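Notes to accompany the following structure.
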Amino acid sequence: MKKNISNLINLLSFALALHLSVISQITEAHFSLNLNIRILHIEHTINGASLYMRLPLSYLLADKAQHGIDPYSGKIPYQVPYTRNSLENDRLVHYVDVEQFTIDPEAVGNIAAATTHILSANQELKGYVKSVRLYPIGNEPAFATFAEAKRALSNNFAQMALNHSLHVSDTLIDIHIHYPTQQPLEEYQLFSSLNPGLPDQENTANLILSYNPGKIQIFRSRGLMREPIQIRYSSIDTINTFLKEGLVHIIQGLDHVLFVLCLSLGALALPLLFWRVTAFTIGHSITLSVGFFGFIPSTVWFVPLIETGIAISIIYIAWLSMRQKSIASISSERTIFLTSLMLGLLHGLGFSFVLHEILNINSPNIWQSLLAFNLGVEAGQILIILAVWPLLYLARRRQKNWESNLRYTIATICCAIALLWTFERGYELVSIIQQENQPRTNITISNSKI
């Protein structure tokens, strides 16, 4: 009987190891630097709701394009409105049609107005496009606050210098849409019927800032916003938004999951586990705030450096869990406490990079949002611990070697995955440093804003 149970424990260990291996191949690590971002500022006055929106131009035009060359005629497909096609190295490329935008810049905004829906009292409001601006990605004005959004859409389109070789995929569009109402909206629903069919569109990061006289609320969602988002002026809604984002980040970030998993492996009692997690929490809370407010290097190699360090930290904490003795001494627990604290400082920088993608320093309710995100991260840690530590505890109670086998198996798999990440991220880091050290040639960069 004992042999059968032991075999079952080994089988469960193998299944868990296999599961972790599969997840490591399909889950992205910390950073997605080309995240699709859509920002919506909505101001409510007695005259109606004014929406100031920024999104990639491809989102409005991609579903209208024919991909590839016509197999029958060999000709380039008919060009999408506001674009011109070009065949370059047997590849179809879409450029912005500057002349068409100059003649009727608001027309493309009608696509956004027709697919962005505001519902109030079960009635859909009709939107009217007021202005449209185009900017090359990387050369766009700030759009984090309401004042910046209004300023970005106040430039004179007709007087702008035009870049006739601007790719559609390299272009951002800012749109001002007005929805007439009789009074400011206190509660409404917002959703989008836009479906451009672009890769990774389900990971679109949507940041919604709603402004009513004397009230500002921030809402956060991911994806195409097909399901209506309930907008209400409640502090609880803002807290829930960033609480959920922090929870989702740590659960979907496999490197953080593996670290917390290994941190839990060697704790023989709940008090010991509590102090380990507390140290990690203190560490990452400090650097999450420090990193978010910009008190870190801004060089291009810093992000891959931190990512590489996080991978190495998983290997180290997995090694500590494998050499954990049956009874932990006070000195060893102090060492693990300090180690957890130091490694928490490292992971907090990773958290801050992600938070930068969804929240700006100048955003309203900044401390409220920051605290909610941090609490979400803590909730994610607790869920990971609750999923693993009881299993280890039960195995330890039944038979000592069961817990040892399970702990060694999990730690070994975590270590192997982290080792692979270390090589991948280390290679990226070295490549970036080498590029930085290469002699620079003179490159002409267009400062035109379209």
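When restricted to residues that are part of a strand (DSSP E or B) and without any contact (Cβ under 8 Å) to a residue 12 or more places away in the chain, region 182-199 contains 0. The set of residues in region 268-301 that are in a loop (DSSP other than H, G, I, E, B) and hydroxyl-bearing (S, T, Y) comprises S298, T299.
Test D255 against the stated conditions and say whether it is in a helix (DSSP H, G or I) and modelled with pLDDT under 80. Judged against the criteria, D255 is not a match. Determine, yes or no, whether L209 is under 19 Å from N36 (Cα atoms) and not in a helix (DSSP H, G or I). Here the answer is yes, as L209 does meet what is asked. Restricting the first member to region 277-300 and to residues that are free of Cβ contacts under 8 Å to residues at least 24 places away in the same chain, and the second to residues that are in a loop (DSSP other than H, G, I, E, B), no beta-carbon pair is closer than 8 Å while six or more apart or on different chains. E202 fulfils the conditions (1) within 20 Å of the chain's Cα centre (by Cα); (2) in a loop (DSSP other than H, G, I, E, B) except for a single criterion, (2). For the residues P141, P105, P180, P199, the requirement of being within 18 Å of M53 (Cβ to Cβ), exposed (fewer than 14 other Cβ atoms within 10 Å of the Cβ) and assigned by TED's automatic domain parsing to the domain that holds Q217 singles out P180. When you scan region 223-246, do you find a residue that is assigned to a helix (DSSP H, G or I) and touching an Asp or Glu at 6+ places or on another chain (Cβ under 9 Å), even just one? Taking every residue of region 223-246 in turn, at least one turns out to be assigned to a helix (DSSP H, G or I) and touching an Asp or Glu at 6+ places or on another chain (Cβ under 9 Å). Might you check whether a residue that is out of contact with any Pro (no Cβ under 8 Å at 6 or more places or on another chain), at pLDDT below 85, of a type in the set (V, I, T) and closer than 24 Å to D200 by Cα occurs anywhere in region 69-88? Yes; the residues of region 69-88 include at least one that is out of contact with any Pro (no Cβ under 8 Å at 6 or more places or on another chain), at pLDDT below 85, of a type in the set (V, I, T) and closer than 24 Å to D200 by Cα.
The values are calculated or read from the model by the stated rules, or taken from the named source; none is laboratory data. Please read all numbers here as calculations on a predicted model, not as lab measurements. All Cβ positions, glycine included, derive from the backbone under ideal geometry; neighbour counts span all protein chains shown.
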